[in-house]
Protein chains: 2
Amino acid sequence: MNIGEIAKRAGVSRSTVSYVLSGRRRVSDATRGRIQAVIDELDYRPNASARALREGRTQALGLVIPPAGRRLTGMQLEFVASVVEAAARADMDVLLSPSGGDHDRSFERIVSGRRVDGVILMEIRLEDDRVTRLQQSGLPFVTIGRTADPHTTSWVDVDYAGLIGRCVHHLADLGHRHVALINRSAELLASGYGPGHRATAGFDAAVAERGLDGVTLSCGDDGRSGEMCVEQLLAAHPQVTAIATVNEAALPGIRRALDTAGLVVPRDFSITGVAAQHWAEEFRPPLTAADVPIVEMGTEAVNLLLAAIAGPGTPLGRHLYRPPISLRSSTGPAPRVSR
Amino acid sequence: MNIGEIAKRAGVSRSTVSYVLSGRRRVSDATRGRIQAVIDELDYRPNASARALREGRTQALGLVIPPAGRRLTGMQLEFVASVVEAAARADMDVLLSPSGGDHDRSFERIVSGRRVDGVILMEIRLEDDRVTRLQQSGLPFVTIGRTADPHTTSWVDVDYAGLIGRCVHHLADLGHRHVALINRSAELLASGYGPGHRATAGFDAAVAERGLDGVTLSCGDDGRSGEMCVEQLLAAHPQVTAIATVNEAALPGIRRALDTAGLVVPRDFSITGVAAQHWAEEFRPPLTAADVPIVEMGTEAVNLLLAAIAGPGTPLGRHLYRPPISLRSSTGPAPRVSR
DNA sequence: TTGTAGGCGTTATCAA
DNA sequence: TTGATAACGCCTACAA
């Protein structure tokens, strides 16, 4: 079923059918009605590949996600959902590319095969080959997270440094003197993962400013790791009375380890950090945390990208999110006596 | 950058470049070397739209996921990941369509615009418009889950009825007389969601066979709902000593409600069901459950689809998974005295 | 061993 | 108000 078939049945030329479809030139009511009837009857819709070839636009966005194997965190998942949703609102399809560090078949296919009109890159690192690759390709792109040189790209990001800093100040205000940061995994940090490094920087700065004793720990993105991490923390640093974390996937495990140690939150131990609202609320007791506005960020990333696609001369868009800390019930005054 | 440009620079015709790319006819070493050098230098890759138009194949699969708004469960997410992964292995891209009940723009665009070579449908219902639509479109498709009339489609599914039946038998063997099924949400059930209905059927059959007292509850796909659901269960049916569930997203909440009620698992209360291995292991104590082989199912769905795409006459493929119940630590003998 | 040319389904320019 | 036609980039049957 193609446009020629419709034209034939309606007794007009292909171009007229095309114009009825696009509305880009006047077609008499009579003719348009006849054509529309045929279109409706046959449920015709133009072939996307042909249109893409002709227009130079695919009406699709690429979304580069962390490769399988590593399980996506809840936050990553929500980003995917919000991007897909925002794209659908603009009648754009989303092509998923599970691409890790370097040159990946799927990534290359999407980029150099011109399968998409633009790309959203998730979980980028401070130095990221894929960013370089996209820059040289000329394809519009937006990153969720920013590289070490954020002045040359469009991005949305969370101010991990500032937020973790605020968490530390909040804990200090409550009288905590010995605090710990539970960061993302050591591999991720080693690969130059921005949020991890910025969280560390923010933590260190605030700890220094308030004259606290701070411990930093890496932790895998899963419950089991969180559990082990806190066990080790409690054993090695018994004086610690509070945790700040950017590792939401570890939260359930952190919770279990505190339970096992017989510590009641927030009476004996405080915990706070940066997390998706959903996870903060699911925590027991509900987590005092900076709620990452994931849906907003995903939507904004899509909007920036659509703008860049529409106008090649569009200025770079950047948005650093610094949501307030929602006070819930997981932080309290430092316990009087050390454990 | 197109094939003509490569041809010009290499001093050959376009067809020769094309043949070098496809390897479908012999090209002399000298010529091929010269062409390949140009290709490498310019990092040329054929335009996907043009190729799709010419070949009638897009090298992309559509994956229809539940619409945003409803948060994807961990299991759904893993399906997505496994499908994307399996597709990537076959050099296929995956186009995501967040489509709910009926005719959705995104779904229609993918299907009638021929944007994909085939479709994988998630979370289908016993009667599903999208299945009908795909059947009449002639586009190959595979469903994860099956409709009420499973003889006309290709699918992979979990034998929820059989598995929940086994769970009940396991509980009965342990001496439990009063058991509950925690099902998926009421809306999902009302919309004719197969796994929900089949779980109920399996539960009822096993309960009848063993002469037990069985309660069935619907529960939203999130922790909060699980918590409320179990609170109500304990209040309304104090004699219940065990739960079987197909609602893995509710597990954390179920856990919290049991905690709050002061019930120790498995001493005072047993819990089992069907869940992704990951969630079963994350539960405390680790959940005795039928582990849904998600990656295997996602991979098999892709393989069935690829086969159907390759050979239009391919027989329908169906695979009903019935994984064994992994005995972990969340079930034990029924407590002697009722609460 | 390589080249020529037609057509996949669209859209838009030029003509009528 | 409508129609004929070229072009988007690719693949391949046919020719040389």
Residue by residue through the range B:294-300, which ³J(HN,Hα) values in whole Hz follow from phi under the Karplus form 6.51 cos²θ - 1.76 cosθ + 1.60 (θ = phi - 60°), with glycine and proline marked x?
4, 4, 4, 5, x, 5, 5
Using the Cα centre of the protein assembly as shown as the reference point, and only Cβ charges (+1 on K/R, -1 on D/E), how large is the resulting charge dipole? Debye, rounded to the nearest 20.
1820
Check which residues have an amide H placed less than 5 Å from B:Val119's amide H, if you skip close sequence neighbours.
B:Gly62, B:Phe141, B:Val142
Go ahead and run the numbers for FRET between A:His319 and B:Arg224, Cβ-Cβ distance against an R0 of 41 Å, rounding to 0.05.
0.85
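Using a 1.4 Å probe and counting only protein heavy atoms, arrange B:Ser99, A:Ser13 so the residue with the most accessible area comes first. Walk me through the numbers on the way to the answer.
On the way: B:Ser99 0, A:Ser13 55 Å².
Result, largest first: A:Ser13, B:Ser99.
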Tally Lys/Arg at +1 and Asp/Glu at -1 over every other residue whose Cβ is under 13 Å from the Cβ of B:Arg146; what's the total?
-3
Using a 1.4 Å probe on heavy atoms of the protein chains only, the accessible area for B:Trp155 in Å², nearest 10, reads 20
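Please get the size of the charge dipole for chain A, origin at its Cα centre, with Cβ charges of +1 on Lys and Arg and -1 on Asp and Glu, quoted in debye to the nearest 20. Please report the intermediate quantities before stating the final value.
On the way: 38 positive and 38 negative charges, 216 e Å.
Rounded to the nearest 20 debye, it is 1040 debye.
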Ranking request for peptides B:168-176, B:209-217, B:323-331, A:265-273: highest mean number of other beta-carbon atoms within 10 Å first, then the rest in descending order.
A:265-273, B:168-176, B:323-331, B:209-217
Which residues' amide hydrogens lie under 5 Å from the amide hydrogen of B:Ser330, considering only partners 5 or more residues apart or on another chain, with H built in the peptide plane?
B:Thr288
Quick check: the angle from helix B:29-42's long axis to the longest principal axis of chain B, C-alpha only, nearest 10 degrees?
60
Residues whose modelled amide H sits under 5 Å from the amide H of A:Val215, counting only those 5 or more places away in sequence or on another chain, are A:Val179, A:Ala180, A:Leu181
Placing a label point 7 Å from Cα toward Cβ, how far apart in nm is A:Ala236 from its equivalents in the other copies, listed shortest first to one decimal?
5.0
Distance in Å, no decimals, from the C-alpha centre of the range B:119-150 to the one of the range B:15-78 is 28
Is the protein assembly as shown rounded, prolate or oblate when judged by the Cα gyration tensor, a ≥ b ≥ c being the square roots of its eigenvalues, rounded requiring a/c under 1.5 and prolate requiring a/b larger than b/c?
oblate
So, taking all protein chains as they sit and a 1.4 Å probe, how much accessible area belongs to A:Glu231, in Å² rounded to tens?
100
For the A:Asp40, B:Ala310 Cβ pair and Förster radius 41 Å, calculated FRET efficiency rounded to 0.05 is 0.75
So what are the ³J(HN,Hα) numbers for the range B:245-259, from phi and the Karplus equation (6.51, -1.76, 1.60; θ = phi - 60°), rounded to whole Hz, Gly and Pro as x?
9, 10, 10, 5, 5, 8, 3, x, x, 4, 4, 4, 5, 5, 3
Nearest-first distances (nm) between copies at B:Thr132, label 7 Å from Cα via Cβ
5.5
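Assign unit charges at the C-beta atoms only (+1 for Lys and Arg, -1 for Asp and Glu), then state the dipole size of the range B:3-55 relative to its Cα centre in Debye, rounded to the nearest 20.
Using Cβ point charges on Lys, Arg, Asp and Glu, the range B:3-55 gives about 280 debye.
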So in the protein assembly as shown, which Cys have no other cysteine's beta-carbon sitting under 4.7 angstrom from theirs?
A:Cys167, B:Cys167
Going 7 Å from Cα along the Cα-Cβ axis for the label, what nanometre distances separate A:Thr152 from the same residue across the other copies?
5.7
Out of A:Gly226, A:Ala208, A:Ala250 - ranked by how far each Cα lies towards the positive end of the dipole of the range A:160-292, with unit charges on the beta-carbon of charged residues - the top one is A:Ala208
If I take every Cα pair under 8 Å that is 6 or more residues apart in chain A, average their sequence separation and divide by the length, what percent do I get for the relative contact order?
17
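Of the accessible area of the range A:143-283, with the probe set at 1.4 angstrom, what percent is carbon plus sulfur? Intermediate results must be reported in sequence, preceding the final value.
Numbers: 2530 of 4730 Å².
Heavy-atom surface of the range A:143-283 belonging to carbon and sulfur, 1.4 Å probe: 53 percent.
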Measure of compaction for the range A:160-292 (Cα Rg per 2.2 N^0.38 Å)
0.93
Alpha-carbon centroids, the range A:157-222 and the range A:264-307: separation in whole Å:
15
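Given a 1.4 Å probe, how much area per residue of the range A:3-55 is accessible, in Å²? Provide the component values of the computation, followed by the final result.
Working: 3460 Å² over 53 residues.
Here the per-residue accessible area is 65 Å².
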At a probe radius of 1.4 Å, what is the per-residue accessible area of B:Leu234, in Å² to the nearest 10?
30
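Taking beta carbons within 10 Å but only from partner chains, what does the mean come to for residues B:283-291?
1
The values are calculated or read from the model by the stated rules, or taken from the named source; none is laboratory data. All values reported here derive from a predicted model rather than from experimental measurement. A quick note on method: Cβ atoms are made from the backbone with ideal geometry, for glycine too, and the neighbour counts reach across all protein chains shown. Accessible surface is based on the protein model in full, side chains and every heavy atom, while ligands, DNA and RNA are left aside. Shrake-Rupley method; radii C 1.70, N 1.55, O 1.52, S 1.80 Å.
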